[in-house]
Each structure stands twice: as C-alpha cells, then as structure tokens.
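The values are calculated or read from the model by the stated rules, or taken from the named source; none is laboratory data. All values derive from a computational prediction rather than experimental measurement. Cβ: placed from backbone, ideal geometry, glycine included. Neighbour counts: every protein chain shown. Side chains included, ligands, DNA and RNA excluded: accessible areas come from the protein's heavy atoms. Shrake-Rupley method; radii C 1.70, N 1.55, O 1.52, S 1.80 Å.
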Amino acid sequence: MMDELRELYQEVILDHGKNPRNFRHPDDANREAKGENPMCGDRFMVYLKLKDGVVEDVAFQGRGCAISTASASMMTEVVKGKTEAEAKALFETFHDLCTKDDHEHGDHGPVDEEAMEKLMVMSGVRQFPVRVKCATLAWHAMNAAIEGQDKASSE
Amino acid sequence: MDTQIADPTLTTYDVERVRADFPVLSRTVHDRKGKPGKPLVYLDSAASAQKPRQVIDAMTRFLEEDYSNIHRGVHFLSQTATDQFEAVRGKVARFLNAPSERNIVFTRSATEAVNLVAHSYGRAFLSEGDEIILSVMEHHANIVPWQLLQADKGVRIKVVPVDDRGVLDLDAYADLLSDRTKLVAITHCSNVLGTVTPAKEIARLAHERGVPVLFDGSQAAVHGVVDVQDIDADFYIMTGHKLYGPTGTGVLYGKYDLLKKMPPYQGGGDMIESVSFEGTTFKLPPARFEAGTPAITEVIGLGAALDYIESLGREAIAAHEHDLLRYATEKLSQVEGVRIIGTAPGKGPILSFTVEGVHPHDVGTIVDQYGVAVRVGRHCAEPLSERFGVGPTARASFALYNTRAEADALVSSVIAVKEFFGA
C-alpha cells in the first residue's frame with residue numbers, strides 16, 4: 001500500500017512540487033491560459049512565448065498540490081524548444097500515460113522519447129484516478145494556450 | 001472514577017454498540033491480493049453519513065412488503081404505502097418541533113429545498129432592488145439559487161462577514177438589515193467551520209423589520225436539537241442523507257401562512273386539485289410543492305433514521321460528538337504546522353485544517369492510505385475559503401459512530417503526511 005504512495009510521490013515529484021522550475025511570468029509571453037480544477041481549488045496560469053511555431057519559453061504560476069505543481073514544472077522543462085506540433089504530441093502522449101494502460105496508448109505522431117522517459121515518474125497517478133486531473137491540469141492549460149484559448153476546457 | 005462518572009458519554013453512550021449497527025464500519029479499505037488493508041476510519045460524515053442496519057432494513061422491508069405508489073390508488077398497498085410515507089412527515093415535524101406535519105415539504109435534497117424557496121417565494125415576492133442577506137459561510141446550495149434569482153429579478157445579495165474564529169458578525173448583520181431587505185438566508189451550522197449561528201437572534205432582528213428568515217440546517221439538524229418554533233424560523237431546511245438516512249430526501253419546513261401564499265415550484269401530478277385546459281387549481285401545501293412521485297422508499301428510510309437517532313438520544317449524540325471534537329482538536333493542534341480553520345465557541349463537530357507545506361489534496365491521498373477518509377477541497381464554499389485566505393482545506397467531521405481511537409488515527413496519519421513530505 002505504501003509502495004503505491006511512493007510510486008505516486010517519487011522523489012523527483014516531491015522535488016518539483018517543492019521547488020517548481022520556471023515558476024514565473026515571462027515579460028515577453030504572448031500566450032497564456034488558465035487551468036483550474038474547481039473540486040480542489042488548484043489554479044495555474046501557463047505562459048508561452050511562441051515564435052514561428054516554436055515554444056521559445058514556457059512558464060507557470062499559481063497554486064496546487066504536489067502532483068499538479070510537479071507536473072506543471074516538468075511540463076515546462078520538456079515543452080520548451082518544441083514546435084507546436086511536438087508540444088501537442090507530448091500532451092496527448094502524456095495524457096495517455098496518466099489515463100490508459102500501456103496497450104491502449106495511441107499514436108500521436110513523433111514524440112520526444114527522452115522527454116517521455118522523464119515523464120514516466122508521473123505514471124503512478126493511474127492508480128489514483130481522482131488525481132489524474134492534478135497531473136494533467138497544467139498540460140491542458142499549455143495545450144489551450146497553443147490553441148489560442150485562454151482557459152483549459154476540463155475533460 | 002468520579003471524573004469518569006461525571007462524563008455523561010461514558011455512562012450512557014456505548015459507541016461500540018452503535019458502531020455494530022453500521023455494517024460498512026467493519027470493512028477495511030485498500031485490500032490487496034486477498035490481504036485486508038486498513039480498517040475504515042470514516043471522518044467524512046459532513047459530506048454524507050453512513051447508514052445503520054435499521055435504515056437499510058426498513059427500506060428493504062418496505063420494498064419487499066409494502067411498496068406501491070402513494071396518494072393515488074384505492075387499493076390496499078397504495079393505502080399502506082401512503083400511511084407509512086405520511087407517518088414520516090409527522091416524524092419530521094416532531095424532529096424539528098414544527099407545529100404540524102403540514103409544515104413539512106419533502107424535497108429531493110436540501111439543495112432542492114433552497115431552490116424551491118428561491119423559485120417560488122423569491123419570484124413571487126421579491127423584485128428589483130430588493131435585498132437578500134446571506135453569510136460568507138454559505139454552502140453553494142445557499143448561494144447559487146439566490147444568484148439565479150438575482151439574474152432573473154434584479155435582487156441584490158448582501159453578505160454577513162465572520163471574524164477570524166468564524167463567528168458570525170451580528171453587528172454587521174444588524175447593519176445590513178434595512179427597508180430593502182426582503183429575505184435572510186443563513187446557515188445554522190457551517191459545513192466548513194462548524195460555526196453554529198445564533199439563529200434565534202438572527203430571526204428576531206429580521207422579524208423586527210418583518211423580514212422572513214431561511215436557515216440551512218443541513219449540518220445543524222445532525223448535531224443538535226433543532227426547534228423551529230423556538231428559533232422562530234420562517235423556513236428551515238435539512239437533508240436526509242447527512243442524518244443517516246438515504247440520499248434523495250430533503251426537507252423544507254415552512255410557516256404555513258408563507259407556504260400557503262407561495263405559488264407551485266414544479267407542476268405535475270399529486271400537486272393539483274383539478275386539471276383542465278381552461279385552468280388548473282393547486283392543492284394546499286405541502287402537496288402543492290410535491291409534484292410527481294417522490295422518493296417513497298427513501299422517505300421510509302428517513303423515518304427509520306429519525307427513529308434511530310431518537311433511540312440514541314440527540315443530546316447524548318451531541319455530547320459524544322462534542323467530546324470527539326474537543327479531543328481531536330486538542331491532539332491535532334499539538335502537531336506542528338497544523339492550522340485549524342474555524343474555532344468558534346460551541347461549534348459543531350467539524351474540523352477543517354491545513355498542514356503547512358502540504359497541499360490538502362496530498363494530505364487527503366496520504367491519510368486515505370491509512371484508511372482515514374476526510375474531505376479535501378473547498379467544500380462547496382468557495383467564498384469562505386477566500387475569506388480565510390487558505391484556499392482548500394482538509395476536513396474531518398465526526399458523527400455518532402466515531403471514536404477517540406479514530407481521532408487518534410487521524411492525528412497519526414497527519415503526522416505521517418508531514419514525515420512523508422519532510423514538512
């Protein structure tokens with residue numbers, strides 16, 4: 001039982017949760033979207049600097065639980081420098097990782113394998129269905145920002 | 001021994017015997033590969049209470065032996081079912097000390113009861129510029145129906161603040177009351193802070209200006225004796241599923257002269273005298289507000305739940321719960337970094353808290369691994385969580401079946417949370 005807890009709250013996650021990376025509001029951001037989970041009150045703003053179809057900078061602010069904060073932090077690390085299409089492919093693949101068994105994972109186009117390996121630490125949420133929204137919240141917001149929307153549509 | 005005898009909970013209240021009445025309390029959670037996990041420590045009764053065998057059996061027996069639609073048939077079963085259903089109306093009336101069972105309207109939930117008053121009374125008797133007074137502690141169920149009325153009729157909503165302990169600011173309330181005030185709708189016990197509001201005084205001040213008062217008793221009716229005549233409530237609302245009864249059962253108490261002048265809330269069968277396409281006439285309350293087939297079996301279950309509560313004694317239950325609250329508050333306060341939200345004197349057995357450096361959602365997930373069920377989030381009371389500047393919280397709530405050992409389990413699981421996060 002406690003193994004599953006350790007699986008969910010791996011050291012990497014606890015670290016990102018406590019010391020989130022890219023926790024800022026870039027002056028030159030040209031896209032932003034809000035991600036909100038009304039049930040638990042988690043609320044993030046995700047900021048993007050998009051130029052010529054590339055995510056030149058990505059950052060976030062807000063408050064949330066360890067899972068949602070860590071996931072947002074890791075998202076900013078892996079999405080930076082990606083094209084819009086690559087970022088969306090990462091989002092879709094990550095979403096599968098959190099919600100579906102391995103054999104159900106879809107093909108969302110070419111995806112940064114190294115980034116996915118890093119994100120594997122989040123897969124523990126699959127054992128905690130109510131926490132999936134925490135793990136995907138900032139990702140939804142990032143995806144919304146790329147699509148030019150100002151808030152993430154909740155699944 | 002003297003001190004023990006002085007404690008009424010030890011002499012008159014056998015919590016282990018009470019627990020034996022609740023089948024679910026003997027289960028374990030997070031069982032793995034045939035190995036039992038942790039005993040369930042259910043501290044989420046403020047969200048919904050567990051059901052005693054007596055309620056489950058009453059519903060089963062009714063379904064097996066007496067079930068039929070009510071108020072309709074001339075046949076034997078319909079009469080039997082109607083008699084039993086209506087008997088529960090009388091039980092509810094006695095439970096709230098209502099003058100008569102005709103003051104009691106069955107709804108599907110407390111939420112529906114508030115919507116009924118907002119829709120029926122609100123639309124008929126409130127108009128643009130009129131003011132409704134709420135408190136900052138309200139559950140969304142006692143905010144949003146009034147906001148819908150605001151959008152529809154242009155009424156204004158005024159909000160009574162609370163102090164840092166969560167005590168309602170009665171002076172501010174008195175100041176908000178004016179000639180424009182047409183209704184007061186305030187909780188009798190906060191679902192987040194546990195604060196019990198001074199209902200009698202709230203009603204007295206409103207009545208000085210001829211303003212009717214609605215109390216949301218969803219929590220208060222569970223934790224103490226409610227006397228609607230003593231507090232002089234115009235409307236009083238409660239819900240069955242927090243009272244150890246089934247879901248689908250809400251209650252609206254209303255003074256009869258008010259109910260009588262209110263138009264129907266929903267139209268349908270069972271609420272009309274006669275129907276023609278030239279015009280339809282409506283029954284008197286409470287039938288006027290009970291369109292359609294109600295939750296018959298569930299109302300029977302609610303009756304059994306009220307009997308069960310009375311059999312234990314409401315004062316004895318309240319004393320037991322208060323003991324648990326005091327005990328748990330003391331123990332939890334000793335854990336460094338724990339902040340208790342809501343410290344009003346005489347509060348109900350609801351314990352909201354935060355753990356420094358750990359988000360409540362993470363608290364909830366981790367204590368759950370120890371079998372401890374608490375609510376986390378904003379508890380359907382967003383304005384209040386903003387007021388205390390804490391955002392979401394974790395909430396443990398104590399019920400007639402909880403024990404001091406369970407309070408200990410809560411505290412040790414919170415300590416485990418802190419260790420886990422190094423907080």
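Temperature 4 °C, viscosity 1.567 mPa s: under these conditions the Stokes-Einstein estimate for the range B:139-183, based on its Kirkwood radius over C-alpha pairs, is 109 µm² per second. Remark: the range B:178-327 carries a charge dipole of roughly 400 debye about the Cα centre, counting +1 on each Lys and Arg Cβ and -1 on each Asp and Glu Cβ. Compute the acute angle (0 to 90°) between the alpha-carbon long axis of helix B:404-421 and the principal axis of greatest extent of the alpha-carbon atoms of chain B; round to the nearest 10°. It works out to around 70 degrees. Taking a spot 7 Å from the Cα of A:Asn30 along the direction of its beta carbon, which residues of the range A:63-104 have an amide N less than 14 Å from it? Residues A:84 qualify, since their backbone N sits under 14 Å from the label point.
Applying the Karplus relation 6.51 cos²θ - 1.76 cosθ + 1.60 with θ = phi - 60° to the range A:124-141 yields 3J(HN,Hα) values of x, 5, 4, 6, 10, x, 6, 9, 4, 5, 4, 5, 9, 4, 5, 5, 4, 5 Hz, where x marks Gly and Pro.
The alpha-carbon of B:Lys182 sits under 29 angstrom from the alpha-carbons of these lysines, leaving out residues fewer than 8 places away in its chain: B:Lys153, B:Lys158, B:Lys200, B:Lys255, B:Lys260, B:Lys261, B:Lys283, B:Lys347. Here the range B:359-423 has 54 percent of its accessible surface on carbon and sulfur atoms, given a 1.4 Å probe and all protein chains in place.
Accessible surface for the protein assembly as shown, divided over its residues, is 42 Å² per residue with a 1.4 Å probe. Computed about the Cα centre, the dipole magnitude for the protein assembly as shown is approximately 840 debye when only Lys and Arg (+1) and Asp and Glu (-1) carry charge, each at its Cβ. Partner shielding of B:354-367 amounts to 5, given as the average count of beta-carbon atoms from other chains within 10 Å of each residue beta-carbon. Each Lys and Arg Cβ is given +1 and each Asp and Glu Cβ -1; about its Cα centre, the range B:55-310 then shows a dipole of about 420 debye.
Set the Förster distance to 60 Å, then compute FRET efficiency between B:Glu101 and A:Lys51 from the Cβ-Cβ distance, nearest 0.05. With R0 = 60 Å, the Cβ-Cβ based efficiency is 0.25. Placing a label point 7 Å from the Cα of B:Asp179 along the Cα-to-Cβ line, the residues of the range B:123-155 whose backbone N sits under 17 Å from it are B:127-132. Based on the alpha-carbon gyration tensor of the range B:175-251 and its eigenvalue square roots a ≥ b ≥ c, which shape applies: rounded if a/c is under 1.5, prolate if not and a/b is larger than b/c, or oblate? It comes out prolate by the Cα gyration axes. Sorting the Cα pairs of the range B:55-310 by distance into bins of 5 Å, from 0 upward, gives 1, 6, 13, 17, 19, 16, 12, 8, 5, 2, 1, 0 percent per bin. With respect to chain A, whose longest principal axis is taken over its alpha-carbon atoms, helix A:84-99 is tilted by about 20°.
Residues A:His108, B:His361, A:His25 ordered from highest to lowest accessible area at a 1.4 Å probe: A:His25, A:His108, B:His361. Taking every DSSP beta bridge that has both ends in the protein assembly as shown, the antiparallel portion is near 70%. The separation of the range A:88-155 from the range B:355-377, counted between C-alpha centres, amounts to 24 Å. Using a/c under 1.5 as the rounded threshold, could you call the range A:2-146 rounded, prolate or oblate? The axes a ≥ b ≥ c are square roots of the C-alpha gyration tensor eigenvalues, and prolate needs a/b larger than b/c, oblate otherwise. Here the range A:2-146 falls in the oblate category. Only beta bridges with both residues in the range B:229-332 are counted; by DSSP, about 100 percent of them are antiparallel. The distance between label points at B:Ala151 and B:Glu419 comes to 5.0 nm (points 7 Å beyond Cα on the Cα→Cβ vector).
Think of chain A as having a plus end and a minus end, set by charges on the Cβ of Lys, Arg, Asp and Glu; of A:Thr83, A:Ala29, A:Gln127, A:Ala29 sits farthest toward the positive end of this dipole.
Would you compute, from DSSP H runs of 4+ residues alone, the mean residue ellipticity of the protein assembly as shown at 222 nm, taking -39500 (n - 2.57) per run and dividing by the full residue count, rounded to the nearest 500?
Per the formula, -11500 deg cm²/dmol.
Prolate is the label for the protein assembly as shown. Its Cα gyration tensor axes, ordered a ≥ b ≥ c, give a/c of at least 1.5 and a/b above b/c.
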